[in-house]
1. Hey, fewest Cβ within 10 Å first, where do MET359, MET484 land in order?
2. Pairs on different chains or at least eight residues apart, Cα atoms closer than 21 Å: how many lysine pairs in the range 199-361 fit?
3. Tell me the Rg and the Dmax, in Å, that the Cα atoms of the range 4-181 produce.
4. How charged is the neighbourhood of HIS12? Take every other residue with its Cβ under 11 Å from the Cβ of HIS12, and add Lys/Arg as +1 and Asp/Glu as -1.
5. To the nearest 0.05, what FRET efficiency results for GLN11 and GLN452 with a Förster distance of 51 Å applied to their C-beta separation?
6. Under 14 Å from the Cα of LYS192, which aspartates and glutamates turn up, not counting those fewer than eight places away in the same chain?
7. Where does the range 199-361 land on the Kirkwood hydrodynamic radius, alpha-carbon pairs, in angstrom?
8. Over the Cα atoms, compute the radius of gyration (one decimal) and Dmax (the largest Cα-Cα distance, rounded to a whole number) for the range 376-453, in Å.
Amino acid sequence: MYSLLESLLAQHPRQLTPLRCAPSTIAQLHRYFEEVVLENNLGALVIESLPKVEERSSRETSRIRDLVKTAQSVFLFVSKDDALSQLMSRSKGSREANVFEQQSSAAYERFVVIADARFSALLASTRSHDEAQLGDLVAWTFEPDVVYSALEYLMARVTAEYPEHSSSFASAVHASMPKATSLQLTLGVTTKLARLLQEQAEREIAINRIATAIRNSLELDSLLETAAHEVGRALNVKSCAVQVEGELVGKTRSNYYFRAEPAVSEEDRKSLWADVELVRACLPQSPKLWVIDGDHTHETGVCAQAAVPLAYEGTFVGLLMVESDDAARVWADNELLLLRTVADQLTVAVKQAHLFDQMRMLALTDSLTGCYNRRSFELQLERDLHLATRMRQPLSLIMIDLDNFKQINDCAGHIMGDAALRQVAANIKNDLRAVDNASRFGGDEFAIILPQADAKGALLVAERLRKSIAEIHIQGFGSITASMGLATFPLHASSRDLLVLAADQALYESKHSGRNRVSLPVVESGYFGNDDPLPAEAEVVGSVLSS
């Protein structure tokens, strides 16, 4: 069976120009046509076909009831298991809607026909059969002859499918036959339609900008800022906040938009984040849209709000929330659709950022020990040396080599050898500051960068590490020890390569001096500069510390 739109396009190809629109936009257009009847108390014939939805909102059912009270006659085509069908059949009053329970095959179309002696209007849409096409096909008109053709089609359809209602339906049509169209009413609807399409275009631009930002950047903080500002401007709201959290992002990150920025007080910011925390506490338990319209603000004591959760594989990862300063603000379906669309995009961005961080960590860290790898060590040493040079501060480098490590693999096996490396790495990281950098330099070698540490301070750190490693017990082998070499910039070397070479030579000295000790490069005077003597426990035998 042809839909109403398909039939009319065949009869009036020059008078109807179909467009493709999102279902939420078509639903808003549908309501604009209903508002003509409600706002002008128009005693017209109203015929509607509504697509099946899982649940009808109280606002939607209330609007239908008002339409039944206002219009001369109302005929509804709805699915037989639609909640609206049962609601209308139970309604009591002087007027009732005539409900036609349509087959599921017809549930893909939507239309509203308004016929009156002084006004006629038609809006019809149908779902695209081509999955490659975005949006549904929709057309509207105020021409009486097209509306008359729609009424003829519907009379034939009712006669064929609902013969018991054909007489009453035909009588209602003949009583409300369109004769002319009020220019004032038509202009009012047309203005709303133009405004809606303009707003829709602006929202699509905002979504495209956010999508472009996600494609061009993996910086999550920048993406959150772009999303908050684009959504806030597109919906013309007082404020917009976006927050992400959980394991995917490592820490809670947030950003916001205020229409009145920069003239926003600290109190306004605190109020916004207090509202975010309240909504955030509710969304994980009920992962649905959070909507407080203007007509409910007196019940909640808060402004009009709308929020949508960000969820990845069923896990709550954040939220996107908007607040309006319009006390009567009612959130339209296409506005909520924008929030859901942006929330989906942000969820993808969070996952992409997480994957990027994982790849970056895999590229820069050693999978066995969790320490940074050789490549990361070289990059970090270059950065830290550049900063040390600029700030005129010292920097020390400790090279560590486990003594007789091959014997661990030979005696206890490679599994215990790996366990030994992990334990050594754990001890090293536990003994370092947050600014220090521990790397696995080679098979059983480690390198430690100590920013702002002079030779005496680094020597104490190295000795503490040596003792800590000596306390490790490997099952099937026993205790292990480590030899270490230490060099300081700019005392022992003036560049990165020379610093690594000096530390490596000091390590070589430890190895050949009996192992399990810390050595420094040989200094001619036995002093470290600024006339500061070596620590008492350090020998100047190539500056060697032994156990």
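Coordinate-derived values only; no laboratory data. In this text, all values refer to a predicted model and were calculated from it rather than measured experimentally. Ideal geometry is used to build each Cβ from the backbone, glycine not excepted, and the neighbour counts take in all protein chains shown.
1. With the sparsest Cβ surroundings first, the list reads MET359, MET484.
2. For the range 199-361, the number of qualifying lysine pairs is 4.
3. Expressed in Å, the Cα Rg and Dmax of the range 4-181 come to 15.3, 47.
4. Every neighbour counted, the sum reads -1.
5. After rounding, the FRET efficiency stands at 0.05.
6. GLU34, GLU35, GLU39
7. 15.9
8. 14.8, 49
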